[in-house]
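These notes are about the structure you will find just below.
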Amino acid sequence: MHTKPTLFFILVALGSLNACNPQRDSTTTSAPASPPATIEPAAKQMHSSWDADNDGINDCEKDGSCDHSIDYTQPRPVPSCNHADGSIEQLVCTTPELAVLANHLATTYSAASKKAVNEQATLLQAEQHGWLKGRDECWKSDDKKQCVKTEYERRISELQAVYQLVEHSGPIHFGCNSSTTGQLTVTFYQSDIPTLIANYGDSTSLMYSAIAASGAKYIGRNESFWEHQGEARVVWGYNTPEFVCKKAE
């Protein structure tokens, strides 16, 4: 019998198979898998209808009326159009540019209301009713849209200045050569339309920025202020003579 040689050849064959198929060492550890890349959420973009002056800043940030419950990525709500055809209200709600201004005024008025206390609150409401009547007079204008647009822009800027909803500089004092009083005090506001509030004697005037060949010019109801290089030419009151004021040192 050839038992021992046969067993020897079997053991040799098994050794060859193991050499061709090496086993993984159980003590070897594989490198940990890399964690999945974190995907940053895309920043939410403000809808352009919340930026009436197209400066890239939400209007509510300027007048302090931002509301966390509002989704500013969505368009501003458009006023309802349940008004008679041909009315100024109908023109506002059917004209996107005017509808945006109407909403902008609403948020500005709301911010002003939060600052108006006691008699101021009553005065603010009365002035707003008076403004609405004045706005509706635009039906007489040849260019109704432009008339209404101007009314909204001026009212928004007025509220921003009077209730200090925007940045301002001043008061700045000017000495004047008028016989009425010796001093004019002016505060400038970065409202949608740049404005100033001037105090002269016992009266106050709000004026809006106007185009000028040089310097800074502002025009109010019956007053005007035109400053250039520290000297201001001022008109105060209907059909009154111009006088000169110089910035105090």
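The values are calculated or read from the model by the stated rules, or taken from the named source; none is laboratory data. Treat the numbers as computed from the prediction; the structure is a model and nothing was measured. So basically every Cβ, Gly included, is an ideal-geometry build from the backbone, and we count neighbours across all protein chains shown.
List of remarks:
- Extreme residue, surrounded by the fewest Cβ atoms within 10 Å (Cβ to Cβ), among residues of the stretch 219-249 that are over 20 Å from P194 (Cβ atoms) and charged (D, E, K, R): E249
- Among residues of the stretch 157-189, those that are farther than 14 Å from W236 by Cβ and without any contact (Cβ under 8 Å) to a residue 60 or more places away in the chain, counted: 14
- Yes/no for L132 being under 25 Å from the mean Cα position of the chain (by Cα) and in contact (Cβ under 8 Å) with a residue 12 or more places away in the chain: no
- Test result for E151, of a type in the set (D, E) and at pLDDT 95 or above: yes
The rows are residues; the columns are (1) aromatic (F, W, Y); (2) part of a loop (DSSP other than H, G, I, E, B).
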position	(1), (2)
Y152	yes, no
R155	no, no
E158	no, no
A161	no, no
L165	no, yes
S169	no, no
T187	no, no
T204	no, no
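- Of T187, T181, T195, T204, all but one fail to be under 24 Å from Y109 (Cβ atoms), more than 15 Å from the chain's Cα centre (by Cα) and exposed (fewer than 15 other Cβ atoms within 10 Å of the Cβ); the exception is T204.
- Set side by side, the residues L132, L123 differ, and just one is loosely packed, with under 13 Cβ neighbours inside 10 Å, not in a strand (DSSP E or B) and not assigned by TED's automatic domain parsing to the domain that holds V235, which is L123.
- Going through (1) over 17 Å from the mean Cα position of the chain (by Cα); (2) surrounded by fewer than 19 Cβ atoms within 10 Å (Cβ to Cβ) one by one, H168 falls short only on (1).
- Index of the failed condition, G86 passing every other in (1) in a helix (DSSP H, G or I); (2) more than 23 Å from D59 (Cβ to Cβ); (3) small (G, A, S): (1)
- Cβ-Cβ contacts under 8 Å between residues 6 or more apart (or on different chains), taken from a first residue in the stretch 97-118 that is farther than 25 Å from C147 by Cα to a second residue that is surrounded by fewer than 20 Cβ atoms within 10 Å (Cβ to Cβ), are listed as S113/A121; S113/L124; K114/G64; K115/Q164; A116/L123; A116/L124.
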